[in-house]
Amino acid sequence: MTATGRIGAATSAAWRSFLRRRTAVFFTFFFPVILILIFGVLVGTRLTGGGLFTESPAYYVPGYLAVVVLFTPLSRVGSTVARHREGNRFEKLASTPLTRSEWLLAQTLVNVLIIGLAGLLILGLVVLLTGADVTLSVVVIPFVVVSVALFCGVGALLGSLADSQDGVIAASNSLALPLLFLSDTFVPPDLLPEWFQPVMNVSPLTYFARGVRTVVTGGGGWELDLVVLCVLAVVFFALGAYALPRTD
C-alpha cells in the first residue's frame, strides 16, 4: 500500500471512530454555539464605554473560531494518543507500514474536516445572530488548516507525555483556557497590563486570531501571521510525531 493509501485508510478509520463517540460529536459543535449565544446574543457588544465586548461583532469572530481550532485538536488527539498507549495499540500499528507521522497526519485531516464543519456553523450563526459584518474569504481556510495541524502536534505531545487520559484532559484544559482568553481573541490587548502585551506574541493562537480578524474585517497584512503559523505548525507537528510511542 502506498503512503497515500495508508493515510487514507487511517483517516477513514479515525473519522468513523469520531462518529461513534456521539458525546464528542455533540459537544464539538455545541460548545462554540453556547459561547455565541452567551457572549454574542445575551451579553452583546457595546461600541461605547470601556471594558469587554466594546468592539464590533466581527472583532470576536476569531475568538469563536479559536474555540474549536484550539480545544478540539488538543483534547481529541491527546486523548486518542493516551487511549492508544493504554490499549497498546501503537504496538499493533508498529506491525503495519503506517509510520507515526502518517498516523498523526490522518488524525490531523479528520480534525481539519470536523473543525471546518464547525467553523462554517460558527460563521453562519455569528452573522445570523449578532449581525456581524464579515468579509468571507478563502484565506481563512489556510489559517484554520495550519492552526489545526499545529495544535494536533501539541495534542500529540500532551498525549505522549501525560500519564493517563484524565491527565491529558487536565493538561489540555490548563493550556487551552489561558491561551483562549490571552491571545488577542476575546480580550483586546489594551485591556491587559502593558508589560503583558509582548507575552501575547508567544502564543500561536495570537497569530491565528490576528490574521483571521484582518481577513474577516477586510483588511490586509495577514501574510506574516500565516507564515509564522506555518513555521510553528511544521515544528510542533514534527515534535508531536517524534514524541509518539516508539514500539518498532
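The values are calculated or read from the model by the stated rules, or taken from the named source; none is laboratory data. As the structure is a computational prediction, the values presented were derived from the model and not from experiment. Here Cβ is always computed from backbone atoms with ideal geometry, including for glycine, and neighbour counts include all displayed protein chains. Each accessible area value is taken on the protein alone, full model and side chains, heavy atoms only, with ligands, DNA and RNA left out. Shrake-Rupley method; radii C 1.70, N 1.55, O 1.52, S 1.80 Å.
Suppose the Debye formula is applied to equal point scatterers at every Cα of the range 136-195; what is log10 I(q)/I(0) at q = 0.15, 0.20, 0.26, 0.29 Å⁻¹? Ignoring solvent entirely, the Cα scatterers give -0.65, -0.90, -1.03, -1.10. Taking all protein chains into account, the per residue accessible area for the range 113-248 stands at 47 Å² (1.4 Å probe). Mean sequence separation of contacting Cα pairs (under 8 Å, at least six apart), scaled by the length of the range 1-146, corresponds to a relative contact order of 39 percent.
Under the classification rounded if a/c is under 1.5, otherwise prolate if a/b is larger than b/c and oblate if not, where does the range 1-130 fall, given a ≥ b ≥ c as square roots of the Cα gyration tensor eigenvalues? Taking the square roots of the gyration eigenvalues as a ≥ b ≥ c, the range 1-130 is prolate. The string of couplings for the range 56-73 from the Karplus curve (6.51, -1.76, 1.60, θ = phi - 60°) is 5, x, 5, 4, 8, 4, x, x, 5, 5, 4, 4, 7, 5, 8, 5, 4, x Hz, one whole number per residue in order, with x for Gly and Pro. Site pair residue 117 and residue 227 shows an inter-label distance of 3.6 nm when each label is modelled 7 Å from Cα along Cα→Cβ.
Length gained on full extension, residue 38 to residue 101, computed as 0.36 nm times the residue gap minus the Cα-Cα distance: 18.8 nm. In this simple spin-label approximation, residue 190 and residue 174 carry label points 7 Å from Cα along the Cα→Cβ vector, and these lie 3.6 nm apart. Largest to smallest in accessible area, the residues 136, 229 fall in the order 136, 229 (1.4 Å probe, all protein chains included). Extension gain for residue 9 to residue 29 (0.36 nm times residue separation, less C-alpha to C-alpha distance): 4.7 nm. Can you bin the range 194-233 into rounded, prolate or oblate? Criterion: square roots of the alpha carbon gyration tensor eigenvalues sorted a ≥ b ≥ c, rounded for a/c under 1.5, prolate for a/b above b/c, oblate for the rest. Because a/c hits 1.5 or more and a/b fails to exceed b/c, the range 194-233 counts as oblate. For the chain, what % of the accessible area comes from carbon and sulfur atoms, probe 1.4 Å? Heavy-atom surface of the chain belonging to carbon and sulfur, 1.4 Å probe: 67 percent. Average projection, convex hull of the Cα set of the range 64-195: 10.0 square nanometres.
Dividing the convex hull volume of the alpha carbon atoms of the range 181-248 by its residue count gives 116 Å³ per residue.
Extension gain for the segment residue 141 to residue 163, taken as residue separation times 0.36 nm less the Cα-Cα distance, is 4.5 nm to one decimal. For the chain, the longest piece that avoids every one of the chymotrypsin sites (Phe, Trp or Tyr not before Pro) found in DSSP loops with at most 15 other C-beta atoms within 10 Å covers 1-194.
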